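Down below is the structure, laid out as structure tokens.
The values are calculated or read from the model by the stated rules, or taken from the named source; none is laboratory data. Note that the coordinates shown come from a computational prediction; the quantities given were computed from them, not determined experimentally. Glycine gets a Cβ as well: all are built from the backbone with ideal geometry, and neighbour counts include every protein chain shown.
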Amino acid sequence: MMSRPHVYPYMALRIDDRILAVLLGIVFSVVNAFVYMYLALKLGMATGLDILLLFFAFFVFAAARSARPRAFLYMVAVMAMAIAAVLAYTDSLGSIIMAGETLPVPGFAMAAIISMSLILGMLASSYFTGYFMKSGFPWPGPKVSVSIIGLLSAEKKGPEFKASAVRMGLAGVTGGAVSGLRGLRAIPETLGHAVAGFSLSPFLAGIGMIVGLRGSMQIALGAVGSLLVLYLAEGGAADYIAHMRSPWIFSTAVSMMVITAGLSLFMVLKPLLVSAWHRALHPHPRGQGSPESGGDSRNRMSRLAYGALLLAATVIAAALLYTFIGVPVWLFVLCIPVAVLLMVIETRGRAEMAMSVGIAAFVVILLVGLAFQDIVALLLFQGFVLATTLGFASTLSLHKVADVFKIDQAGLRYMLVIGAFIGGLLCVPCISLINSMYGIGTEALPAPYSVMWLEMARSAVTKVLSPSINLYFVLLGAVMALILYKLKISAISVALGLLLPVSATAAILVGGIIRWGAEKKGWLKDDAGIIASGLVAGDILVGLLFAVTTLL
């Protein structure tokens, strides 16, 4: 009999991997939640220390001799789900604080509601895994994760590892230097102004390198439309918030995203509908069908189990929302198809451009806000729906990374559930701490999106339709989405170009051009994601240091 000398050490290390990954994921989630929440309230753009924390984790895993892809991915899964909760609820909770209201929900119930919203998104994602994993989307975000995890977990770190590490370090120094010059006011944040200028942001240039030239040009196409609206319809004088809320921009962009999501949903359902139609036309006589294989039987049982879990989670969520927030059950059920559309939109944005689309809050307030009598209930329900979309998108993004490294999906799901509970516990204490330290809605933390959600929620509760919605522009957006679909151009990318500040799009385009030129010269092989990560990390870290120094 052949011996298997590696079985028992491997099993022991695997257990250690999981425990260590969970512990690091929890600790890093606490740190990262504060950073994400602070920057979201300060700048309206939430970023964190994910890359830096991965490098910290490398030293811990290396010391424990468990620096394997599985350990990194499990840790990232815990963090990603916890941060999804923070991103979903920051602006809603900030709006409630700015309105002078208090949470009508006990702490344990609020944590349960937040956790359940993420778990609902995770469970729903299982029905879309085949479509998003096999449809040829570039998934630039997971590519970066794969590059970094592969770099850190490589057993033999030869010249390629050193070259990649040096390039990432140089990119980090460059990003940090530019951010430092901005912080010292040696150079401006933006050449021109946000609506029509050029952002000197290494972070945005890094996003452009991740997206690539094609994706950057599609975003830039939307920016051209934004400029035309600015100068032809608004006289070139609108600020960014007013410009973004213009019906020319908002109605058109949201319509394009919703139609694209509908097309994506149709592509998901089409094989199921065709299969059901064929079975209805050509039913197999009882007893004459082909025998079901063991794999098919297991897959069917897995789908049934997920369906039962999803149904149970939906019932629990509806009960929690009705009992503690006062959301009618009929309204919750009515919002399920809307939530599915938003999940697809959000995931398409990440799959195509590594960018969060983030329209769920707008759509929820505009579509169902009129059914609410209370601002707090509406804002909390908005956060719930947004959390389901982020939980859905985060799960599929991590599935993509797991596929590359051939990591067990069942173990990943456990980590996602742990992260969901951690996120539920973190949100309220974290925002309460930040509010007590700096004051949400003050000059230190202007909270631009919290201001916007609060204004829109008040409009909805008072039954006054937002001026951002115009049916003619909704129709225009739908037509444009169909044309772009025929031309094989991403309507999501173009819509994002409409919504983003032109200054940000310009920096993204420069990043895409840099990547294209470097690849043409043969200077890049698989390092684009790593170099981009260096730019992003350097910019964020130095910018955060300046922000903390200023506030202290």
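Looking at the range 69-115 only, could you name the residues that are among the β-branched types (Val, Ile, Thr) and under 14 Å from Ser394 (Cα atoms)? Let's see the steps before the verdict.
Filtering the range 69-115 for residues among the β-branched types (Val, Ile, Thr) gives 76, 78, 83, 86, 90, 96-97, 102, 105, 113-114.
Passing the criteria: Val76, Val78, Ile83, Val86.
When each of Val327, Val274, Val333 is tested for being at pLDDT 75 or above, part of a helix (DSSP H, G or I) and within 30 Å of Thr462 (Cα to Cα), the lone residue that passes is Val333. Could you grab me the full set of residues in the range 209-229 that are β-branched (Val, Ile, Thr) and crowded, with 24+ Cβ neighbours inside 10 Å? Within the range 209-229, Ile210, Val211, Ile219 meet the criteria.
Assess whether Ala506 counts as being farther than 25 Å from Ser135 by Cβ and among the aliphatic types (A, V, I, L, M). Spell out the reasoning first.
Numbers: farther than 25 Å from Ser135 by Cβ: yes; among the aliphatic types (A, V, I, L, M): yes.
Yes; evaluated as a whole, the condition is true for this residue.
With the structure loaded, tell me whether Ala163 is closer than 23 Å to Leu541 by Cβ and assigned to a helix (DSSP H, G or I) or whether it fails that test. So Ala163 fits the description; yes. Can you name every residue in the range 409-419 that is under 17 Å from Leu20 (Cβ atoms) and free of Cβ contacts under 8 Å to residues at least 40 places away in the same chain? The one that is under 17 Å from Leu20 (Cβ atoms) and free of Cβ contacts under 8 Å to residues at least 40 places away in the same chain: Tyr414.
Based on what the data block shows, is Tyr74 at pLDDT 85 or above, hydroxyl-bearing (Ser, Thr, Tyr) and under 16 Å from Ala21 (Cα atoms)?
Details: at pLDDT 85 or above: yes; hydroxyl-bearing (Ser, Thr, Tyr): yes; under 16 Å from Ala21 (Cα atoms): yes.
For Tyr74, the condition - at pLDDT 85 or above, hydroxyl-bearing (Ser, Thr, Tyr) and under 16 Å from Ala21 (Cα atoms) - is met.
Leu416 meets all of the listed conditions (1) closer than 16 Å to Leu120 by Cα; (2) surrounded by fewer than 21 Cβ atoms within 10 Å (Cβ to Cβ) but one, namely (2). Within the range 118-135, residues that are of a type in the set (Val, Ile, Thr) reach partners that are at pLDDT 85 or above with beta carbons closer than 8 Å, at six or more positions or on different chains, in the pairs Ile119/Ala313; Ile119/Gly391; Ile119/Val417; Ile119/Ala420; Thr129/Leu396; Thr129/His399.
Looking only at the range 168-213, which residues are charged (D, E, K, R) and outside any helix (DSSP H, G or I)?
The initial filter retains those residues of the range 168-213 that are charged (D, E, K, R), namely 182, 185, 189.
Matches in the range 168-213: Arg185, Glu189.
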